[in-house]
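Taken together, the values in this text are just the output of simple stated rules run on the coordinates, not laboratory data. As the structure is a computational prediction, the values presented were derived from the model and not from experiment. Note: ideal-geometry Cβ built from the backbone for every residue, glycine included; neighbour counts use all protein chains shown.
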Amino acid sequence: SITRRSYHEKVLDHYSRPRNVGSMQKNDVDVGTGLVGAPACGDVMKLQIRVDPKSNTISDVKFKTFGCGSAIASSSYLTELVRGMTLEEAGRIKNTEIAQELCLPPVKLHCSMLAEDAIKSAISNYYSKNPHAKPTNLAGT
Ligand code: FES
Ligand code: FES
């Protein structure tokens, strides 16, 4: 069916031409590194963000994924999505958005979860290096 074909096209496009593959110096103070694994299959994803401290936005992003095609496609798509976002915006991304865009089947949902975990982990690593950048809790205001 058409749906099935477009699923393959989007996943295969990101899988065969992954965007933003690479690494950054993890010791740079403006770089946040997330390294996460999927317990279900043992696949591993490393995602790194470079943050512009003035605007608190993601100016660059790189990933390396040792995993299945859906995990590679999820991380590739995620890198395109988060570039230019504020850390707050990027931290709110849900794996279901990624799965929906790539039309992942239910059995592949955990592959997109890896991407959500990776960006959250990269953001929290950045905040641990730059505690002053962490937004104060605005709950109730
Ligand atoms: Fe179709 Fe993986 S891209 S099954
Ligand atoms: Fe485990 Fe895709 S990340 S099968």
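Extension gain, Lys129 to Asp13: 0.36 nm times the residue separation minus the Cα-Cα distance gives 38.3 nm.
Only helical DSSP H runs with n ≥ 4 go in: add -39500 (n - 2.57) per run for the chain, normalise by residue count and round the 222 nm mean residue ellipticity to 500 deg cm²/dmol.
That calculation yields -14000 deg cm²/dmol at 222 nm.
Ranked by the mean number of other Cβ atoms within 10 Å of their residues, highest first, the peptides 56-62, 100-106, 25-31, 72-78 come out as 72-78, 56-62, 100-106, 25-31. In percent, rounded to a whole number, the relative contact order of the chain is 28, using alpha-carbon pairs under 8 Å and six or more apart. Taken about its Cα centre, the chain carries a charge dipole of about 160 debye when Lys and Arg each add +1 at the Cβ and Asp and Glu each add -1 at the Cβ. How fast does the chain diffuse by Stokes-Einstein, in µm²/s, taking the Kirkwood radius from C-alpha pairs at 10 °C and 1.306 mPa s? Result for D is 104 µm²/s.
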